[in-house]
Amino acid sequence: MRLRHLIARGFRNLAECRHELPPRGLALLGPNAQGKSNFLEALYYPVVFRSFRGAQDQAVAAFGGPGFHLEAAVDGADTADAVITATWQAAGRRKRIAVDEVESERVSGAVGRWLAVVFLPADLGLASGAAPERRHYLDRLLSLSDGAYLRALSRYRAALAQRNSALRQGRFELAGAFDLVLAEAGATVVAARRAWAGPAAERFAAEFECLGEAELATLAYRGTPELAEPGAWESALRESREADLARGMTTVGPHRDDLTLRIGGRLLREYGSTGQLRSAAVALKLIEIESLREARGTEPGLLLDDVFAELDRERQRRLAVRLLGGAERQVFVTAPRPDELPPGLELEVWRMTGGRVSRS
């Protein structure tokens, strides 16, 4: 899957532009605070129609402007070639999404038409951070892999929000009205996560070793396995009734689960070195690429935001071998200077200055 062109207007600090993108991708160089990450953000936005920084749309739009517009032309998708547009209007705070000029009624109808994986310096938090970061990783990966998961996750989150609202009001009978939807959708979410975690555990150990780490690394899904069956939810929710009412929230379900990462039998986020945490984050990103490739039957693009900084040349080379892949993978890399790119990188070099992109 490749991005053929990108049109951007009113997005962050980027100057209005239309860029025809090289099939292999590009390396974007420039000093910090010029807009390199914003350019990658614009490339990734049409994947899930959200900022990869977690920012709201009003924060993504250029300050004081009427909104933003993006257009991404995709070649070689698993469904068909497509032109994807996303427009956000400050007046009314309305977002419109269209595929081949046909407006999508729901965001979920267009998610994943352009498929890419982004790796940011902050992704070290996948290994070192709290459980919500890893749940977000799982939900994004599985939603892009299978539309049924995305639909189930949306139903689960909606039912959970309504049930929690009733619990905060002390209305347990009203909360119970959402139990059936919670059970059906939640079971789908748990089952999909557990099915992914089995093969992912073997890949995690193998990737960790390939990255030069000597100790055994393990990955496991931490949750209640019985909740992969809808019938198990009734007793689980009944048993959690007192805790739910006391805390004003639902205390069982996949919204409380986690991926447990260990090295040498010890929790990685508590005992891992900075290098081991980095290797774990890289391993999870490689698994994300492999999982999407297998699920969708196409090679996703890869966006790397300054991930080679502060590494010696040998570590840059080793990391590049694992991340950049073969000629079929379109890769977009940012770095402040050429010496912070891995050796042997064969990508066109573009430059960013004050929100404007130019070819070298």
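The values are calculated or read from the model by the stated rules, or taken from the named source; none is laboratory data. Not measured: the values here are computed from a predicted model. Quick reminder, even Gly has a Cβ in these numbers, built from the backbone with ideal geometry, and neighbours come from all protein chains shown. The protein model used for the area step is the full one, side chains on, heavy atoms only, and it has no ligands, DNA or RNA in it. Shrake-Rupley method; radii C 1.70, N 1.55, O 1.52, S 1.80 Å.
Note on the chain: with a GNM built from Cα contacts shorter than 10 Å, the maximum mean-square fluctuation among F63, F11, F52 falls on F63.
For the stretch 71-140, the Cα-based Rg and Dmax, in that order, read 15.5, 42 Å.
Can you bin the stretch 80-220 into rounded, prolate or oblate? Criterion: square roots of the alpha carbon gyration tensor eigenvalues sorted a ≥ b ≥ c, rounded for a/c under 1.5, prolate for a/b above b/c, oblate for the rest. Here the stretch 80-220 falls in the oblate category.
Binning all Cα-Cα separations of the chain at 20 Å, short to long from zero, yields these whole-percent fractions: 27, 56, 17, 0. Once amide H atoms are built 1.01 Å from N in the peptide plane, which residues 5 or more positions from F332, or in another chain, come under 5 Å H to H? Under 5 Å from the amide H of F332: L26, L302, L303, L304. Solvent exposure of the chain amounts to 46 Å² per residue of accessible area, where only protein heavy atoms count and the probe is 1.4 Å. For the stretch 34-166, a simple Cβ point-charge model (Lys and Arg +1, Asp and Glu -1, everything else neutral) yields a dipole of about 720 debye relative to the Cα centre. A simple spin-label model places the labels of V83 and T353 3.2 nm from each other, with each point 7 Å out along Cα-to-Cβ.
Springs between Cα atoms under 10 Å define the GNM used for the chain, and in it the highest mean-square fluctuation of F332, F172, F39 occurs at F172. For the stretch 26-69 versus the stretch 298-317, the inter-centroid distance based on Cα atoms is 20 Å.
Amide H contacts of E348: A27, each under 5 Å away and 5 or more positions distant or on a separate chain (H built 1.01 Å from N in the peptide plane; Pro and chain starts excluded). Oblate is the label for the stretch 224-271, because a/c, from the alpha-carbon gyration tensor with a ≥ b ≥ c as root eigenvalues, is 1.5 or above and a/b does not exceed b/c. Taking label positions 7 Å along the Cα-Cβ direction at both S154 and V181, the computed distance is 1.3 nm, reported to one decimal.
Pop out the carbon and sulfur fraction of the accessible area of the stretch 178-217 as a percent, whole number, probe 1.4 Å. Here carbon and sulfur together make up 60 percent of the probe-accessible area. If you take the square roots of the eigenvalues of the alpha-carbon gyration tensor of the stretch 1-114 and sort them as a ≥ b ≥ c, do you get rounded (a/c under 1.5), prolate (a/b over b/c) or oblate? Oblate is the answer for the stretch 1-114, as a/c is 1.5 or above yet b/c matches or exceeds a/b.
Between H5 and L21, A73, the built amide H atoms are under 5 Å apart, and every one of these is 5 or more places off in sequence or on another chain. For the stretch 299-339, the residues whose backbone nitrogen is under 13 Å from a point 7 Å from the Cα of C17, taken along Cα to Cβ, are 333-335.
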